[in-house]
Amino acid sequence: MIRLIVNGREESWDAAPGDTLLDVLRREGWVGVKKGCGAGDCGACTVLLNGRAVNACLVLAARAEGAEVVTIEGLSRDGTLHPVQEAFLETGAVQCGYCTPGMVLSAVALLAENARPTEDEIREAVAGNLCRCTGYVKQVEAIERAAARLRGER
Ligand code: FES
Ligand code: FES
């Protein structure tokens with residue numbers, strides 16, 4: 001049994017010793033957390049763990065005891081998308097969408113620490129999030145747009 005807070009809700013879940021955070025999140029219905037490689041290479045399973053972007057497939061569920069986890073489902077507020085999500089939609093940064101939850105969460109973690117990232121810093125922040133569709137140009141543009149909006153710029 002592990003206890004953790006997921007998207008603001010306290011949860012107590014069964015977890016076998018070998019279960020990863022990815023396993024338990026998806027089992028409990030948080031399927032916005034995608035499973036790609038299962039080995040830390042693709043970033044599809046990225047979640048925020050106590051505010052840090054991590055690959056949920058590399059975190060044993062037991063290590064998340066007492067932690068606060070945010071998945072893509074936890075970003076919107078009262079039906080309003082997070083500015084990063086909005087910017088991804090506006091710029092056409094979503095194609096098949098498989099990488100999108102993880103990439104959005106990596107961007108959210110970056111912008112929480114760095115309100116004015118350079119293009120290089122953005123590219124570095126999402127370097128672990130593989131995208132087979134877009135070539136990354138639109139995502140970088142989206143994250144720049146979201147950063148500006150979060151700074152209160154138009
Ligand atoms: S599924 Fe976790 S990094 Fe690929
Ligand atoms: S939009 Fe398809 S993998 Fe990124």
Name the residue, out of 77, 123, 63, whose mean-square fluctuation peaks in a Gaussian network model built on the chain with Cα pairs under 10 Å. 77
Please identify the DSSP H helices in the chain that span no less than 30 Å along the helix axis (Cα) and have a mean Kyte-Doolittle hydropathy of 1.0 or more. none
How big is the stretch 68-154 in terms of Cα radius of gyration and Dmax, in angstroms? 11.8, 33
Please build a GNM for the chain, connecting alpha carbons under 10 Å apart, and tell me which residue among 120, 14, 78 fluctuates the most. 78
Solvent-accessible area of residue 12 with every protein chain in place, 1.4 Å probe, in Å² to the nearest 10: 70 Å²
Percent of Cα-Cα distances greater than 19 Å, calculated over the chain: 50 percent
Rounded to whole angstroms and listed largest first, the alpha-carbon spread of the stretch 107-154 along its three principal axes comes to 32, 20, 15
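Of all accessible surface on the stretch 36-154 at a 1.4 Å probe, what whole percent is carbon and sulfur?
Values: 2950 of 6160 Å².
Looking at the stretch 36-154 in its full context, I get 48 percent from C and S.
Calculated FRET efficiency, residue 28 and residue 89, Cβ-Cβ r, R0 22 Å, to nearest 0.05? Could the numbers behind the result be given before it?
Details: r = 27 Å, r/R0 = 1.22.
In this case the efficiency is close to 0.25.
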What is the dipole size for the chain, taken about its Cα centre, with +1 at each Lys and Arg Cβ and -1 at each Asp and Glu Cβ, in debye to the nearest 20? 200 debye
Placing one equal point scatterer on each C-alpha of the stretch 38-91 and summing with Debye, one gets log10 I(q)/I(0) at q = 0.12, 0.13, 0.28 Å⁻¹ equal to -0.34, -0.39, -1.10
With a cut-off of 8 Å between alpha carbons and a minimum separation of six or more residues, what is the relative contact order of the stretch 3-83 in percent? 37 percent
Virtual spin-label span in nm between residue 68 and residue 14, 7 Å along Cα→Cβ: 3.0 nm
Taking the dipole about the Cα centre of the stretch 1-117, with the C-beta of Lys and Arg at +1 and of Asp and Glu at -1, give me whichever of 12, 117, 54 is farthest to the positive side. 117
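The values are calculated or read from the model by the stated rules, or taken from the named source; none is laboratory data. Worth saying up front: this structure is predicted, and the values here are computed from it rather than measured. Heads up, the Cβs are rebuilt from the backbone with ideal geometry, glycines too, and the neighbour counts pull from every protein chain shown. SASA here: full protein model, heavy atoms, side chains in, ligands and nucleic acids out. Shrake-Rupley method; radii C 1.70, N 1.55, O 1.52, S 1.80 Å.
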